[in-house]
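Each remark here refers to the structure printed beneath this line.
All of the numbers you see were taken from the coordinates with simple rules; none came from a lab. As the structure is a computational prediction, the values presented were derived from the model and not from experiment. Using ideal geometry, Cβ is built from the backbone for each residue, glycine included, and neighbour counts are taken over all protein chains shown.
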Amino acid sequence: MSLSFIDHIAIESTDIPKSVAWYSNKFDCEIKHQDTTWALLSFQNISVALVTPGDHPPHFAVYDKKLGASKNLQIHRDGIGYKYDKDPDKNVVELIDRKT
């Protein structure tokens, strides 16, 4: 049995460049993407997405190999299919159709 794969966590940032500078100065991580509305930082074991409030909810993303066959997928600007779900406590979980 193989375990599920957590792709990334997403936290809110009101100033993406400032947050990227802080994280990259504080930790050894790679900036995979950065613009004014979001950034993706790659660490050895997981990625961290920085998102502006209202753009995407704070969440963690799980790779779901069955999701690609689902209907009603939304598509991120990088072409990855996704769907948001909520756990019983209303925490947002993003299901994605492939590893990024």
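Annotations
- Three-way shape label, segment 7-47, alpha-carbon gyration tensor, a/c 1.5: oblate
- Simple spin-label estimate for Ser24 and Leu73 gives 3.0 nm between the two label positions (7 Å along the Cα-to-Cβ direction from each Cα).
- Cα-based shape type of segment 38-96, given that a ≥ b ≥ c are square roots of the gyration tensor eigenvalues and the cut on a/c is 1.5: rounded
- Cα lying deepest toward the dipole's positive end in segment 5-96, options Ser47, Ala61, Ile80, charges on Cβ: Ile80
- Degrees between helix 16-26 axis and first principal axis of the chain (Cα, 0 to 90, nearest 10): 80 degrees
- Calculated on alpha-carbon atoms, Rg and Dmax of the chain in Å: 13.8, 42
- Environment charge at Arg77 (Cβ cut-off 13 Å; Lys +1, Arg +1, Asp -1, Glu -1): -3
- Close Lys pairs in the chain (alpha-carbon distance under 15 Å; sequence gap of 8 or more, or different chains): 8.
- Proxy reagent accessibility, fewest Cβ within 10 Å first, across Glu12, Glu30: Glu30, Glu12
- For a modelled paramagnetic label at Ile9, 7 Å from Cα along Cα-to-Cβ, the residues of segment 38-70 in reach, with backbone nitrogen under 17 Å, are 39-52, 57-63.
- Sorted fewest first by neighbouring Cβ atoms within 10 angstrom, His76, His33, His8 come out as His76, His33, His8.
- Here Phe27, Phe43 are placed in order of increasing Cβ neighbour count within 10 Å, fewest first, which gives Phe27, Phe43.
- Environment charge at His56 (Cβ cut-off 10 Å; Lys +1, Arg +1, Asp -1, Glu -1): -3
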